[in-house]
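Only one structure is covered here, and it is reproduced in the block below.
The values are calculated or read from the model by the stated rules, or taken from the named source; none is laboratory data. Just so it is clear, the structure is predicted and the values come from calculations on it, not from any experiment. We place every Cβ from the backbone using ideal geometry, glycine too, and count neighbours over all the protein chains shown. Accessible surface is based on the protein model in full, side chains and every heavy atom, while ligands, DNA and RNA are left aside. Shrake-Rupley method; radii C 1.70, N 1.55, O 1.52, S 1.80 Å.
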Amino acid sequence: MSQVNVYPPSAEFVERANVSGMEAYKALYKRAAEKPEEFWGELAKEKISWMEPFSHVFEWEPPFAKWFVGGKTNACFNCVDRHVLAGHGEKVALLFEGEPGDTRKVTYSELLADISRFANGLLKLGVKTGDRAIIYMPMIPEAVVAMLACARLGVTHSVVFGGFSSEALKARIQDLGAKLVITADGGWRRGKEIKLKPAVDEALNDCPTVESVVVCARTKGSVEMVHGRDHWWHAVEAGQSENCPAVPLDSEHPLFVLYTSGTTGKPKGILHTTAGYLLQAAMTMEWVFDLKADDIYWCTADIGWVTGHSYIVYGPMSRGATQIIYEGAPDTPGFDRWWKIVAHFKATVFYTSPTAIRALIRQGNQWPEAHDLSSLRLLGSVGEPINPAAWEWYYNVIGKGRCPIVDTWWQTETGTILIAPMPGAVPLKPGSGTLPMPGVMADVVDLDGNSVGANQEGYLIVRRPWPSMVRTIWGDPQRFQDQYWSRLPGNYFTGDAARRDEDGYFWVLGRVDDVLNVSGHRLSTMEVESALVRHPAVAEAAVVGKPHEITGQSVCCFVTLKKGDFDHEALGKELRQWVGHEIGAFARPEEIRFSDALPKTRSGKIMRRLLRELVTNNTVAGDVTTLEDLSVITKLAAQHDDEA
Ligand code: 7RM
């Protein structure tokens, strides 16, 4: 292994940190490991406002866990009312900048009024506690208001990323049985209006459970409204009272469902509940982001992904943070848009993805160097492993060598960060998420569940439930059991490979299943394959990830066609568009390769491993003994050489 640089925190950082020094981290970790119920129980009392106290901390009937049993609380109350009641109503919650350059400042008091009026409007539409709502919106303050208004009423929300197509939206609405859709006319991206409402209209042709659609006017572009079903946001909240009591909800009340890609064609609805999720989101804000009252925090994620849920809405807001929200693209109008925003709002904490960092590196240092980034004190990374070269650039060019980088490993399923450095305690190693959070019994094991030795690769698992753990897959508890808890009973199977070094630091290596990671977005190879075979010309498809300099991986498809005469170039273009339409633009394949046959085992299984090798190395050196027809792979390799 090559030499690894180690970066201990500066004395200055340690002095102000929420957790100062390695001994402090170790003490927290030890206490949580030895007395988990006391540890989490005390934090829950201190950090969460309860409407009724919980009777006990934890119940575990594998694979189903309950936290803070019998308690009643409300996530919206904790994110907004709690701060207003504590006298911080005048504190700014949101510093918004739209892509066209419009800005808005929203204080916690104003947010409380906005949420309450909107929630009262939803009640008038007939929405009730226990109903489900889909949120399909751009990155504007109303998206946060929509999520928190749902939470206030006990309406389970599912945010669908605005980049998803109407087909993907429809599948989610149907699976969830949603009664309400909250959307907007559109949003601004790269100077263009990205329309959202037409996709909702298309999806709703097949969604009989939806009774109402609320449309926020963002772009003021043309919109068709369906009489009796569709309502403008401003009309819904008009004349409504600013008083809307937060509903006391059970600790385990379903807060949200977020769909994520699994190993089959059907996305999984990951269910998170109320109190445990909220507590761990709050604690990781303090532990990992070292949040202080005067921080100007900025997470560049979209609320359509779990990072936006935990580290824009529920984490920062439950701790009363001031944060930046930006609507648009990082390269509009120039590649310094983010750095302009950092300088303008004097951001102190900045959290983004390796794929964004790599894309910005490519544009050159002149963009960040043109701006005063001296307000920054802490940087974060999420979504995939960060390669050491990108880490060093982020550290030196953005952080000027002063700002620790917290590399945060977690998943939609884990709800919150499980492995990351506490920046005032843990020395950093570029590319490693370092050590687990308190209460997280992470391990690297072989297939029998035995811990592997230092620097051995194995499966990353978690040995004990944690408060923000996924509770089930919406409507499919069997899949929940099979997917995460059956391989090593009682242990959570992450689907990632990892190794632990001689200091106990975790190095996450990537997925062990058929899940791709494109620009930090999860995508299942099966999902893309199912989309491809829905096209009338396609007989069979195999999809693999190909290493990509910027996006980490790109989508590469091998396709066999039905009988007929096809223009490969035109059809290739068409299939790329098709996948974009079936799933969303971000899933559009980079490459489509046509072939007469796909490499298969004797039992007929497509050998994606060989295809992966082929697209990575242009040749196949691995074991081909189970291949049914060896000539298939030689032909595929030769064909690519011809094209190149
Ligand atoms: C937060 C999020 C989860 C998958 C996960 C990993 C990969 C995420 C890191 C990482 C290495 C990281 N949720 N992953 N963060 N790998 N280091 N810091 O991304 O559900 O969309 O994806 O992403 O493979 O299993 S997610």
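Evaluate E = 1/(1 + (r/R0)^6) for residue 190 and residue 566, where r is the Cβ-Cβ distance and R0 equals 45 Å; express this FRET efficiency to the nearest 0.05. Intermediate results must be reported in sequence, preceding the final value.
Working: r = 33 Å, r/R0 = 0.73.
Computed FRET efficiency for residue 190 and residue 566 comes out at 0.85.
Determine the dipole magnitude for the chain: charges of +1 sit on the beta-carbon of Lys and Arg, -1 on that of Asp and Glu, nothing else is charged, the reference point is the Cα centre, and the result goes in debye to the nearest 20.
On the way: 66 positive and 79 negative charges, 132 e Å.
With Lys and Arg at +1 and Asp and Glu at -1, about 640 debye.
Computed about its Cα centre, the charge dipole of the range 1-100 is approximately 200 debye, with only Lys, Arg, Asp and Glu carrying charge at their Cβ.
Couplings 3J(HN,Hα) for the range 394-405, derived from phi with the Karplus relation 6.51 cos²θ - 1.76 cosθ + 1.60 (θ = phi - 60°), are 4, 5, 8, 7, 8, x, 6, x, 9, 10, x, 10 Hz, where x marks Gly and Pro.
With a 1.4 Å probe and every protein chain left in place, work out the accessible area per residue of the chain in Å², rounded to a whole number. Don't jump to the answer; show the numbers that get you there.
Values: 24560 Å² over 644 residues.
Ligands and nucleic acids excluded, the figure is 38 Å² per residue.
Taking amide H as placed 1.01 Å from N in the peptide plane, the amide H of residue 255 sits under 5 Å from that of 272, 273, 274, each at least 5 places away or on another chain. Each residue of the range 70-77 is assigned a 3J(HN,Hα), and the resulting list reads x, x, 10, 8, 8, 5, 5, 4 Hz, derived from the Karplus form 6.51 cos²θ - 1.76 cosθ + 1.60 (θ = phi - 60°), x at Gly and Pro.
From the alpha carbon centroid of the range 455-469 to that of the range 246-292 is 18 Å. Close amide H contacts of residue 600 (hydrogens built in the peptide plane, cut-off under 5 Å, sequence separation of 5 or more or a different chain): 607, 628, 629. Scanning residues 5 or more positions from residue 521 or on other chains, none has an amide H under 5 Å from its amide H, with H placed 1.01 Å from N in the peptide plane.
Extension gain for the segment residue 340 to residue 26, taken as residue separation times 0.36 nm less the Cα-Cα distance, is 109.2 nm to one decimal. When only alpha carbons are used to place a centre, the range 161-181 and the range 89-115 end up 28 Å from one another. Solvent exposure of residue 167, expressed as accessible area, is near 60 Å², computed with a probe of 1.4 Å over the protein chains only. What does the C-alpha gyration tensor say about the overall shape of the range 478-597? Classify as rounded when a/c is under 1.5, otherwise prolate if a/b is larger than b/c, or oblate. The shape class here is prolate.
Is the range 72-192 best put as rounded, prolate or oblate by its Cα gyration tensor, with a ≥ b ≥ c the root eigenvalues, rounded for a/c under 1.5, and otherwise prolate when a/b is larger than b/c, oblate when not?
Working: a/c = 2.41, a/b = 1.14, b/c = 2.11.
In terms of gyration-tensor shape, oblate.
Label positions at residue 224 and residue 61, each projected 7 Å from the Cα along the C-beta direction, are separated by 4.9 nm.
Rounded to the nearest 5, what % of DSSP beta bridges with both residues in the chain are antiparallel?
Numbers: 62 of 101 bridges.
If we restrict to bridges inside the chain, about 60 percent are antiparallel.
Note that the range 632-637 has calculated 3J(HN,Hα) couplings of 4, 6, 5, 5, 4, 5 Hz, one per residue in order, obtained from phi through the Karplus relation 6.51 cos²θ - 1.76 cosθ + 1.60 (θ = phi - 60°); glycine and proline are x.
May I ask what percent, to the nearest 5, of DSSP beta bridges between residues of the range 256-343 are antiparallel? Please list the in-between numbers first.
Values: 5 of 8 bridges.
The answer is about 60 percent antiparallel.
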